[in-house]
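One structure is given below, encoded as structure tokens.
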Amino acid sequence: MNKRALSVVWAVKRYQPYLEDRKFTLKTDSRALLWLDRTKDDKSKLTRWALRLQEFSFDVIHCPGKENELPDYLSRNPTDRVVEENTEEDISRLLPPPPAPADRDDTGPPFLANIEVAELADRVKQSQRNNPHAGNLITTWNLIQDNGPADPAQNRFFQNYTSHDGYLYRKSNHGDLLVVPVDMKEAVLHAYHDSPTAGHPGAEETERAIYSHYHWPKMGEDVRNYVRNCWVCTVAKRGPIQEATVRPRQPSRPWEVISVDLMGPYTTSHRGNRFILVVTDLYSMWVEAFPLRLTTTDAVVNRLENEVFGRYGFPRAIVSDNGPQFISVTWDAALRHWGCYHWTTPIFHPQANPVERRNQEIKKGLRIHLDGEAPQMWDRKLPVILFTLRTRKNAATGTTPSNALLGYELPRPGEWHATQAPATPIGQGEEREERIRTVHRNQHRYRSRYANFGPTRVQFQAGDEVMERSRDLATGEFQRKWKGPYRVIANAGTNSYFIQRDREQVKVHIHDLRPAPNRREAAREPPPPDRGTPHPPPRPAISPTPPRHKRTSRHYNIPQRIQPAQEANRAQPATSNHQPPNPSKRGGTVTLTQ
């Protein structure tokens, strides 16, 4: 508003000699300027500007932005000047070199040829001529053609392969495919994946493009390994999500392990509250939510002691994120006073905190109950939302939180008159133990149902090189999606690892990690087109493991009382190593060697 009003004052002052003796019309796409002369504040800048404009005679008319074309165009940020470069030189670099005068054919129309593919095919044929094993296969095929197959193996070979002009081809439904010797596989993979015209496609597209012209045994497996170890694809593409193994901290009784989190800030309520402290019992999924004015550590500690621990007892462990309230000295002192463990979730991975699901349900309930009401009433709607969550059946436990915790269902309004059956009292002895065993069985069945979904899980060992998902918002959309490589220091337990990031050691969830590729940026250059046998792009070796750094708990962003080794002891040991994908079934059994 101020900028638009100032622009009007500037324009009127600029054209004052032409406007002061006549009436004019001021068109604007801002409706706020229509009320400029009605400002009541004496000390406001808008009031002073309105008085300055009263010496002129004009009418203010609102003009939509789509009709206010010229001023709207002039008010936009100027675009960068287009610098005319030497486009002829750029185009010449994209075109193939002209053929020699003796080979030039001027009788036909001009056309563009893929010189790179043609040169690659010539190099593959040259490699076949220099490969003794390929020569023996061609000779064998010619003998079978003249004399017939001597056994079923020769018959299969003759049916699957053919020879043209002295070169070996593999038969397929879409034509004959040139067989690639072992020493040319790397060059073919580079041409169809790393070259600028290929554009680093995925493994499936790379295999499809190669299979249109070439063949070699186990080509699918080689393509997948090549793409998986491509450095450019690793840092530029999003990559598959590493699904974590299902290893929850399963409590054996109510309020043994709780999860806490803070929500907000929200609109200040009539009672002065802006935040919500959410506490969930991981055994029964019973939810408690308390509105707060401040989110200091003292406020959280006092609310937990007075409203939670005073009712249900002190827990064995507390799960939280890495918020400043849960990593402070005051919080660490409170943990020692309570005598409970503190388990923190990895950075950028809120899914590891079970209370996050309850947060979504509370937000959904607030949107429903505040429909058509003042948003300042949100803290008064929490009790009815909590009642709904406590009486709703949980998929993991197989029962409602109230039944799992109290042993009976909370009656809804009017249910006492709808049935004569009284609420089941809390179980004692064997009945209570059976209810606990039932909850455990349901939770185990629920976890097992979703344990094997998703991609193959990867386990890292100390010393492995990994890539970390980039979450730097300032890098822009066209920057790398992954950064690294970084060295794995230790297993932090609960699907997390400590990695050495520059000069600090941080705890990262496996969701944000992936194995570092073997092929680094040196693989961008294509193999040299020598006259002899071409050499594949170099594969730099992984540097040896650097000396271990001294670890201190301040690097891990966790309380002093709990060390990384203790969390590592709680983790399950890795039971599987990296396994390559199954070999491709496509192709025959012919093996070409140098």
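Every read-out reported here was derived from the displayed coordinates using simple, explicitly stated rules and does not represent laboratory data. Everything numeric in this text was worked out from a predicted model, so none of it was measured. Glycine gets a Cβ as well: all are built from the backbone with ideal geometry, and neighbour counts include every protein chain shown.
Work out how much length Ala236 to Glu204 would gain on full extension: take 0.36 nm times their residue separation and subtract the Cα-Cα distance, in nm to one decimal.
9.7 nm
Region 276-403: percent of C-alpha pairs farther apart than 21 Å?
45 percent
So, R0 is 60 Å and r is the distance between the beta-carbons of Thr330 and Glu119; what FRET efficiency does that work out to, to 0.05?
0.30
If I stretch the segment between Glu69 and Lys363 completely, what's the gain in nm (0.36 nm per residue apart, minus their alpha carbon distance), one decimal?
101.6 nm
Using a basic spin-label model with each label point 7 Å from the Cα along Cα→Cβ, how many nm lie between Ser195 and Asp371?
So the label points at Ser195 and Asp371 sit 5.9 nm apart.
Say R0 is 51 Å: what FRET efficiency, to the nearest 0.05, do Leu143 and Gln461 get from their beta-carbon distance?
Taking R0 as 51 Å, the efficiency between Leu143 and Gln461 is 0.45.
May I ask you to compute the full-extension gain from Asn306 to Arg501, defined as 0.36 nm times their residue separation minus their alpha-carbon distance, rounded to one decimal in nm?
Length gained, Asn306 through Arg501: 66.1 nm.
Quick one: of Lys3/Lys66; Lys171/Lys218; Lys185/Lys218; Lys185/Lys481, which pairs are farther than 18 Å apart, Cα to Cα?
As for pairs spanning more than 18 Å Cα to Cα, those are Lys3/Lys66; Lys185/Lys481.
Return the distance in nm (one decimal) between the two label points of a simple spin-label model at Glu409 and Thr438, each offset 7 Å from Cα along Cα→Cβ.
Calculated label separation equals 1.2 nm.
Measure off 7 Å from each Cα along the Cα-to-Cβ vector at His62 and Phe24, then give the distance between these two points in nanometres to one decimal.
For the pair His62/Phe24, the computed spacing is 2.3 nm.
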